[in-house]
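Structure, as structure tokens:
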Amino acid sequence: VQLQASGGGLVQAGGSLRLSCVWSGSTFRLDNMGWYRQASGKQRELVASITTELRTTYADSVKGRFTISRDNDKNTVYLQMNSLKPEDTAVYYCNFLTRSRQGYWGQGTLVTVSS
């Protein structure tokens, strides 16, 4: 199983980034997909998640600014991040949950928002 996350980088406050995470190397059927983040010195927190029925959940801090989506044919989850703030700076991790309830993490992609 491989989860390859990409799309992080340095952006000014108010800018946008789009993260992607691709699942490969396994035929496990996938269930929920999500994005978490971990800022320096803080615990990892849920940013957004999406079910197979496309029901979404967002952290209050990103509601109205971030959008999660998925492409089941490509086994890919996306996170569109708009109106970025310095407090969004963190390492972002994708998480995939299989139908058998096993969870897998991506390697993390760094997002840095400058003020």
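Quick notes on this structure:
- Dipole axis of the chain (+1 Lys, Arg; -1 Asp, Glu on Cβ), positive-most option in Val113, Ser16, Trp35: Trp35
- Eligible lysines near Lys85 by straight Cα distance, threshold 16 Å, same-chain separation 8 or greater: Lys63
- Phi to ³J(HN,Hα) by Karplus 6.51 cos²θ - 1.76 cosθ + 1.60 over segment 85-100, Hz, x for Gly, Pro: 10, x, 6, 7, 4, 4, 8, 9, 10, 8, 9, 10, 10, 7, 5, 8
- Average Cα contact separation per residue, the chain, under 8 Å, 6 or more apart, as relative contact order %: 36
- Summing Cβ point charges (Lys, Arg +1; Asp, Glu -1) relative to the Cα centre of the chain gives a dipole of roughly 100 debye.
- Close amide H pairs (under 5 Å, H built 1.01 Å from N) link Leu84 with Gly14, Gly15, residues at least 5 positions away or on another chain.
- Using a Förster distance of 22 Å, the FRET efficiency for Gln107-Asp73 (Cβ separation, nearest 0.05): 0.45
- Charge context of Gln80, other residues only, Cβ under 14 angstrom, K/R +1, D/E -1: +2
- Under 18 Å from a label point set 7 Å out along the Cα-to-Cβ vector of Ser61, the amide N atoms of segment 15-54 belong to 15-17, 19, 34-49.
- Debye equation applied to the C-alpha atoms of segment 34-92, log10 I(q)/I(0) at 0.14, 0.18 Å⁻¹: -0.39, -0.62
- Low-density loop cleavage sites - trypsin sites (Lys or Arg not before Pro) in segment 1-38, where at most 14 other Cβ are within 10 Å (DSSP): Arg29
- Inter-label distance for Glu53 and Glu87, nm, one decimal - labels placed 7 Å from Cα along Cα-to-Cβ: 3.2
- Between Ala13 and Phe28, the modelled label-to-label distance comes to 4.0 nm, taking each label 7 Å out from Cα in the direction of the beta carbon.
- Within the accessible area of the chain (1.4 Å probe), percent carbon and sulfur: 45
- Per residue accessible area in Å² of the chain, where ligands, DNA and RNA are left out and the probe is 1.4 Å: 55
The values are calculated or read from the model by the stated rules, or taken from the named source; none is laboratory data. The structure displayed is predicted, hence computed values, not measured ones. Glycine gets a Cβ as well: all are built from the backbone with ideal geometry, and neighbour counts include every protein chain shown. Surface accessibility is based on the protein's heavy atoms, side chains included, excluding ligands, DNA and RNA. Shrake-Rupley method; radii C 1.70, N 1.55, O 1.52, S 1.80 Å.
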